[in-house]
1. Run the numbers for W458 and T112: contour at 0.36 nm per residue of separation, minus the present Cα-Cα distance, in nm.
2. Given q = 0.09, 0.10, 0.12 Å⁻¹, what are the Debye log10 I(q)/I(0) values for the chain, with equal point scatterers placed on the Cα positions and solvent ignored?
3. Pairs of alpha-carbon atoms within less than 8 angstrom and 6+ residues apart define the contacts here; what relative contact order does the chain have, in percent?
4. Quick check on the exposure proxy: order H467, H86 from fewest to most C-beta atoms within 10 angstrom.
5. Compute the FRET efficiency between E223 and T379 as 1/(1 + (r/R0)^6), taking r as their Cβ-Cβ distance and R0 = 30 Å, and round to the nearest 0.05.
6. Report the gain in length on full extension from S326 to R20: 0.36 nm times residue separation, minus Cα-Cα distance, nm rounded to one decimal.
7. Could you give me the ³J(HN,Hα) list for segment 23-35, computed from phi with Karplus coefficients 6.51, -1.76, 1.60 and θ = phi - 60°, whole Hz, x at Gly and Pro?
8. Would you mind checking the radius of gyration and Dmax of segment 261-442 based on alpha-carbon positions, in Å?
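Each value in this text was obtained by applying a stated rule to the coordinates, not by laboratory testing. Since this is a predicted model, take the numbers as computed values, not measurements. Backbone-built Cβ (ideal geometry, glycine too); neighbour counts: all protein chains shown.
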Amino acid sequence: MTDTVDAPAATRIPHWIGGRRVEGGSGRSGPVFNPATGRQAGAVDFAAVEEVDAAVQAAKDAFPGWRATSLAKRAELFFRIRELLHARREEAAEILVREHGKVFSDALGEVTRGLEVVEHCCGLPTLLKGEHSEQASTGVDVYSIRQPLGVVVGITPFNFPAMVPMWMWAPAIACGNCFVLKPSEKDPSASLWVAELLREAGLPDGVFNVIMGDRVAVDALLEHPDVAAISFVGSTPVARAVYEKATAGGKRCQALGGAKNHMIVLPDADVSAAADAAVSAGYGSAGERCMAVSVVVAVGDVAQPLVDAIKERIPKVRVGDGMDPSSEMGPLVTQEHRDRVAAYVENAPAEGATVVVDGRAGVPSEGFFLNPSLLDDVTPEMKAYVDEIFGPVLGVTRVATYEEAVRLVNESPYGNGVAIFTRDGGAARQFQFEVQAGMVGVNVPIPVPVAYYSFGGWKSSLFGDRHVYGPEAIDFYTRGKVVTSRWPDPATSRVDLGFPQTR
């Protein structure tokens, strides 16, 4: 939304440039809502190109000093960042609940998973080690080093306002880069909270900057000549456009797109455990996560018992304000998104699906709530199957064989995450071998990797050749340099115009 919004000064959400809050001067802003009440809670400034330039310049100015900071001092700083984040994680979670709507326990889990990436980066001296070959040729040593890129940018989505930015800024800064973050305009306050925490930890001014805004800010960052790399998470069409624009400008880019995650349930699976997992993975965080299970593929005779078990569990999911300790699922992020998700349930019967549980019923009159919905008899040509719904709508697709289930996954244009539920170790091993997806769960419904591995999908779920965080993030945020050195005896020095020899 790009309309100017009037809001009290206390609720104004500005930029963070060069170590301080900077109010926007474009005259444009967007509303920030509390999804549980449906009422506007603040207004976020939208940057003009000049403000983007100022943030990039602040990062550029800070880069020489930051990249020269020793690994020991950087590691020490990251340990302080880790301690501050850990001590204040509940404070961060409350900000997420107020602006995103997720329940407090889920918000706390988000901060904790992001914190794990920060903890991994505390070992940056080990992560940035190169290799050394002594006496590669007579009197010649060869060694490799990894060096930072410069100014790098993160453009992040609304669904994880704290965790996804941490996936980016933590390894980027640990590697010696300076960072400009463009968070979602729907829930931007967590980014300012992090900026102030990083300053308190001792991060030099300009190393971390936040630019609020819309497409104007995004385009300015993609086109900026001083930006070396772009990290992006969002929908597939936008991810593709970001990747094409960034790489056309000579920038390194990793752009994570959408998903349509399948959970295959074989006939030998524990139906109770599979139903628990489907409800947890389908409705957790109101389905607003790229690793949510949105399609359960029931193989053979397990289908009806599984649908019955999921249906039985849905009324027990407590939907309400995220700050209410009894709530297990909160509202969706905006009214527009809530209405879009509800339309899939409304239109399902016309396409031939069966609405087993209609989540549109019994929702509070205030806020952007939608209860869990369950669709059965969903087939691959239906919109509820094809589209990334990004809400609490779980579809069940019935197939006769394991081979048909795997074919559905592999024919999907997305390849983010997938899960299989079975007691058969041979089937599970065959599945992980042949399925075309970047993250695979075996009796694990949401296989988000731990921080020392990397997160990312295949096919239209990722544009670029590097996943986020973990070892691949170190590769993405650095470039390699190989040094060949010789300290010859002057008495043996001579002119040699031949091709260099290694013997």
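1. Working: separation 346, 0.36 × 346 = 124.56 nm, distance 2.59 nm.
Answer, rounded to one decimal: 122.0 nm.
2. Ignoring solvent entirely, the Cα scatterers give -0.66, -0.79, -1.08.
3. On the way: 1175 pairs, mean separation 88.6, N = 503.
18 percent.
4. Values: H467 23, H86 13.
Lowest count first: H86, H467.
5. Values: r = 43 Å, r/R0 = 1.43.
The formula returns an efficiency of 0.10 here.
6. Values: separation 306, 0.36 × 306 = 110.16 nm, distance 3.79 nm.
Value of the extension gain: 106.4 nm.
7. Result, ordered by residue: 5, x, x, 7, x, 10, 7, x, x, 10, 9, 8, x Hz.
8. In order Rg, Dmax, the Cα atoms of segment 261-442 give 15.7, 50 Å.
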